[in-house]
1. Out of the residues in region B:54-79 that are closer than 17 Å to B:Phe41 by Cβ and of a type in the set (A, V, I, L, M, F, W, C), which is surrounded by the most Cβ atoms within 10 Å (Cβ to Cβ)?
2. Just one of B:Gly89, B:Gly153 is buried (at least 24 other Cβ atoms within 10 Å of the Cβ) and away from every other protein chain (no Cβ under 14 Å); which is it?
3. Identify the residue in region A:144-167 that is assigned to a loop (DSSP other than H, G, I, E, B) and among the hydrophobic types (A, V, I, L, M, F, W, C) and, among all such residues, is farthest from the chain's Cα centre (by Cα).
4. Name the residues in region A:461-481 that are touching a residue at least 12 places away in the same chain (Cβ under 8 Å) and part of a loop (DSSP other than H, G, I, E, B), would you?
5. Confirm whether B:Thr404 is modelled with pLDDT of 95 or more, of a type in the set (Ser, Thr, Tyr) and touching a Ser or Thr at 6+ places or on another chain (Cβ under 7 Å).
6. Scan region A:210-238 residue by residue and report those that are polar (S, T, N, Q) and closer than 19 Å to A:Ser268 by Cα.
Amino acid sequence: MKWETVIGLEVHTQLATKSKIFSGSSTAFGAAPNTQASAVDIALPGVLPVLNRGAVECAIRFGLAIGANLNRVNVFDRKNYFYPDLPKGYQISQLARPIVEGGALKIVVPSTGSGQSEERTIHLTRAHLEEDAGKSLHEDFHGMTGIDLNRAGTPLLEIVSEPEMRSSAEAVAYARALHTLVTWIGICDGNMQEGSFRVDANVSVRPVGQAEFGTRREIKNLNSFRFLQQAIDYEVRWQIETLEDGGRIQQATVLFDPDTGETRMMRSKEEAHDYRYFPDPDLLPIRLDEGWIETVRANLPELPAAMQARFQNDYGVSAYDASVLTGTRALAEYFEAAARACGQGKLAANWVMGEFSAALNKAELDIAQSPVSAAQLGALIARIQDGTLSGKLAKQVFEGLWEGAGEVDAIIEARGLKQMSDSGELEKIIDEVLAANPKSVEEFRSGKDKAFNALVGQVMKASRGKANPAQVNELLKAKLQ
Amino acid sequence: MPDTSLSALAAQLAARQVSSRELAQTYLDRIAALNPAINAFITVDAEKTLAEAAAADALIAAGNAGPLTGVPIAHKDIFCTDGWLTTCGSKMLSNFVAPYDAHVIQRFKAAGMPSLGKTNMDEFAMGSSNETSFFGAVKNPWNPAYVPGGSSGGAAACVAARMAPAATGTDTGGSIRQPAALCGITGLKPTYGLVSRFGMIAFASSLDQAGPMAPSAEDCALLLNVMTGFDPNDSTSLERDKEDYTRDLQKPLAGLRVGLPKEFFAEGLNSEVAAAVDAAVNELKKLGATTVEISLANSKLAIPVYYVLAPAEASSNLSRFDGVRYGYRAPEYADLNDMYAKTRAQGFGAEVKRRILIGTYVLSHGYYDAYYLQAQKIRRLIADDFAEAFKACDVILGPTAPGTAFKLGEKSDDPVEMYLNDLYTIPANLAGLPGMSLPCGFDAQGLPIGLQLVGNYFSEAKMLNVAHQYQRATDWHARRPEGLQ
């Protein structure tokens, strides 16, 4: 039997507000336990939540960025359950009337093997505001559990997709596109190690052609794209094997263990909580007035999808390259600045995605920390375009830029990397090479084309790489005829 | 001294006829003498009280006194009070010393009013007799075999016994008005949102409202001036211009239209209470008021609606009492769930557990629509009835409670019978309207009878005007229990 995979993602993005969603405590990561937990965060008797409008604004930005419907009146609900790191015994969330409904995200799924990369649109169900819980620390307390409430009350936007993805690759492409977007519009720092972007994957399989969904299992708390891919791949294999062995899938929540690469059951549907949602009487409904929405809209940057389209149009890059170049806002801005500086979009794209990205990765640097500015890279590319540098020489100049050896022209000058443009000088070298290699000349004349390449190589070598290869070809041909 | 009104006490303080310390000491002495029999206070701390009084005296001496600076007041033990035990009448918080002041406490402190202590109450404000307190029942000062009402029973009893010149209370379904009625004092529940709930331990958030309790309407007006005002820490607090609630006290009542809801004078009302309320209506007519019969048809559903919504909110509000961070924790338990179960089984009393169970049930999957949503719809209908009624009248008048105080233990085994005590008070909470109770007579056994006024939103000054004019013409509010020195 052929199986089809169905995946929907729920992503918890931690909003980049300075203070918590219902209290004035700081949201900074990594402080000593419970030093960022106020009376409200630890749920002392009598305390009340006060909404941080900054968190609402983040949700509005997101809703506008994905073309969603913003519910002009949306409501906070209480989700009731007991857990030691949930101080109130309920989480303030949004169930019936979330702030964001609908919307869509364009993704580019990379090609697998020989195939083309594929563009798809994934629709979103909703996105709602809620508060994070604290953390339970089970180590270091000798049979007891430590509770750190620093994270309690940190604002989250939970973003729920429709079950429209059909492979782990699509799920990862969606998660990456979402990660790009939320960091792009500045509502999330995107730090997955610190838990700022956490993914839950709802996975099911069904026979190809079947209309209704199979029973899903939810993989909780995946904090890297690699784990997301591995977890889904394992889960899909497991579900198909189970079904083919005559078993049934039970609805459940599972955890992914990166060490074994397997998912394991956390709780079954029967053990699921009845959260007893009801509207939080301590908070008024959030009302979004048009003026507020328009102000937020006016302050939105150009979005990745728009920029991708423009890059294809203005700079002639491929759809896939455009999606890579808009992987982060910083990369996109860097590319565009470099492309504008040299007027060579495709060449700039190759350099930004190739030499430049490789150098950053190797040095483990962010774009903001790059020793080579976009203007410098543009100037370098301009020197390739005007024939001053060959690609090979340009790489040496790039190294010079990276080391901080100065501006492009100064490095070319100082290191003597200028491509030979004086044909008299080049002709002299060619004459010397022809004189020194009579055998190759002979071979060429007797019809062996390979000998020509050998002669070109000799000329390039003799010029120490500075000869313009096209010019060498031209002159050699002329001299050998 | 104990019969002196707040304005007279303030005048004596201003004239340096008495110091705040002397005044506080007088009341502390009276508490020491009477509280063992009445049990109105959970916590008394003379040292703290006298220190606050000394600070008030310094303010007076420096010429920085406000209208009530130096006048002491007792606070219901539902308000978090920095450095004071704040128990909410429960074993669950029997060891909880609040690290911060409720907004209401901050306001009284800022007004220079020393705290005489924390008053007894039904556990988590759930009760109409003050018998559910972990700290023992409060006795009615008019007859210690009878209950004082609840949940602000300690507040009502301490004012009735003149152990404090005034007290704070809270009212979720009648918890200020019903004990005020049963103890023969005046109490006012303001419009929802007028007094900040910050620091007031939540029972049912959409209904809870703090208010003043004192012998007279004039006293309540002065206290309301202190208590009300916008608080950014409470999202349901209303941002309005500051009002002087004493401004209309002296207005004549000529032309006042008093609405009499026919449903409040029907079956179930004690005849002595009915007679006293009728007499009060006649008194108001003599003062120039006219009456009009109105209907609050949906208020017959107020009790079932209340006993869905209030427990629903309470079941969630009380989840934080889990033994993890503060308060009571069971001494022995096997694992996390066992700790929760034992802590809450041991820490909460029977009435609180009953309401948590009801609330959990009505919010459960499959029952929510039938109970919670349905109740919210009827709640709106009840509010609509009031809106319609206020087209024809300025203030609604009726009995506060269907009867006078009942004997301790008389209704404690029958929750439904107990719940019926709040029949007339609950509608105002559901609608968010202001209501007050004032004394209007006594039954044959000498127990006080309460008259209830319900006003339109933000009509506290009007209600206080009516009550004050009535109290100028009568002396029911000035009487106090015999046999209490």
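1. B:Ile78
2. Exactly one residue qualifies, and that residue is B:Gly153.
3. So the residue we want is A:Met144.
4. A:Ser463, A:Gly465, A:Lys466, A:Asn468
5. In short, no.
6. Listed by number, the residues that qualify are A:Thr215, A:Asn221.
Matching residues to (1) over 21 Å from A:Ala306 (Cα atoms); (2) under 28 Å from the mean Cα position of the chain (by Cα); (3) within 14 Å of chain B (Cβ to nearest Cβ); (4) in a loop (DSSP other than H, G, I, E, B):
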residue: A:Leu48; (1), (2), (3), (4): yes, no, yes, yes
residue: A:Gly54; (1), (2), (3), (4): yes, yes, no, no
residue: A:Gly63; (1), (2), (3), (4): no, yes, no, no
residue: A:Gly67; (1), (2), (3), (4): no, yes, no, yes
residue: A:Lys79; (1), (2), (3), (4): yes, no, yes, no
residue: A:Ala96; (1), (2), (3), (4): yes, no, yes, yes
residue: A:Gln116; (1), (2), (3), (4): yes, yes, no, yes
residue: A:Glu119; (1), (2), (3), (4): no, yes, no, no
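So that you can scan it fast, the table gives a plain yes or no per residue for (1) part of a helix (DSSP H, G or I); (2) surrounded by 14 or more Cβ atoms within 10 Å (Cβ to Cβ); (3) of a type in the set (A, V, I, L, M, F, W, C); (4) modelled with pLDDT of 95 or more:
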{"site": "A:Glu270", "(1), (2), (3), (4)": "yes, no, no, no"}
{"site": "A:His273", "(1), (2), (3), (4)": "no, no, no, no"}
{"site": "A:Leu283", "(1), (2), (3), (4)": "no, yes, yes, yes"}
{"site": "A:Ile293", "(1), (2), (3), (4)": "yes, yes, yes, yes"}
{"site": "A:Val296", "(1), (2), (3), (4)": "yes, yes, yes, yes"}
{"site": "A:Leu300", "(1), (2), (3), (4)": "no, yes, yes, yes"}
{"site": "A:Ala306", "(1), (2), (3), (4)": "yes, no, yes, no"}
{"site": "A:Phe311", "(1), (2), (3), (4)": "yes, yes, yes, yes"}
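The values are calculated or read from the model by the stated rules, or taken from the named source; none is laboratory data. Only a predicted model underlies this, so the values are computations on that prediction, with no experimental measurement involved. Using ideal geometry, Cβ is built from the backbone for each residue, glycine included, and neighbour counts are taken over all protein chains shown.
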